[in-house]
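Please read the structure below before turning to the comments.
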Amino acid sequence: MCRHGARERLLARVCGTVPYAAPEVLRAAARPYRAPPADLWAAALVLLAMLAGELPWERACPSDARFAAWSAWWEANCADAGPPPAGPWRKLSGAALALVRRALAPDASRRAGLSALKAATWARARLWPENEERAWRSQPTAGDATDAPDELSAADMDALISYSQPLGAAGGVRLRAAALRCGGCTLLEFRRTRGCGLQFKRRFVELRDALQHLHAPAPDPH
């Protein structure tokens, strides 16, 4: 527990999955940290993985070249340093990048709070029509339509979804997939229902590559 009433306790343990851990979490042995900014950092990386299909670094420390590049750009961008460094950042829209940048400030004291992030342009935008129903799920639920979209059948998904280990073995990763109508396209959503997050990332990358020939080109920003 990090907070009881109005009293907040600093944390002094390294916890969580390393690629999602904030810089201050990895330095916990030397200096205790506040939990809320660290949680927002991890949530922002989950969002980045959902939007771009990959994580930006192995660990948020200066010895990681990709994190060092992000930190340098983050500091320089206060004076409009131009496009972000190579990596998943370049797959994001301007509004999404602006939100992620505020949440991934290397210095926890300069990181945006939850209220500020919820008020960001990207967070307030509606990405698909209100009351839009999911067109297909990997597992049926009550009230679902029986007809799957012609473009992607349940058999297609069953052939693509893979597991790191047999389902009966401990430690495997299990995925759940859903398809959502979004304008004239179909948006695929993959979620981990069991197993290691890093194994899920590897399986997701395999699925993304297998479906690349169905991927719609990005809209022209101009």
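The values are calculated or read from the model by the stated rules, or taken from the named source; none is laboratory data. Computed from a predicted model, the values in this text were never measured in an experiment. Ideal geometry is used to build each Cβ from the backbone, glycine not excepted, and the neighbour counts take in all protein chains shown.
Details
- Contacts under 9 angstrom Cβ, first residue in the stretch 62-86 being farther than 20 Å from ALA22 by Cβ, partner surrounded by 13 or more Cβ atoms within 10 Å (Cβ to Cβ) and at pLDDT below 90, 6 or more apart: ALA81/GLU75
Let's see how each residue does on (1) closer than 27 Å to ARG192 by Cβ; (2) at pLDDT below 90:
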{"site": "VAL46", "(1), (2)": "yes, no"}
{"site": "ARG66", "(1), (2)": "yes, no"}
{"site": "GLY82", "(1), (2)": "no, yes"}
{"site": "ARG90", "(1), (2)": "yes, no"}
{"site": "LEU127", "(1), (2)": "yes, yes"}
{"site": "GLU133", "(1), (2)": "yes, yes"}
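- From ALA60, ALA49, residue being within 21 Å of LEU10 (Cα to Cα), assigned by TED's automatic domain parsing to the domain that holds ALA21 and buried (at least 19 other Cβ atoms within 10 Å of the Cβ): ALA60
- Number of the exception - ALA96 against (1) among the small types (Gly, Ala, Ser); (2) assigned to a loop (DSSP other than H, G, I, E, B); (3) within 14 Å of the chain's Cα centre (by Cα): (2)
- For the stretch 174-205, the set of residues classified as touching a residue at least 40 places away in the same chain (Cβ under 8 Å), assigned to a helix (DSSP H, G or I) and surrounded by 13 or more Cβ atoms within 10 Å (Cβ to Cβ) consists of GLY197, LEU198, LYS201, ARG203, PHE204, listed by residue number.
- Of all residues in the stretch 23-49, those that are aliphatic (A, V, I, L, M) and touching a residue at least 40 places away in the same chain (Cβ under 8 Å) total 8.
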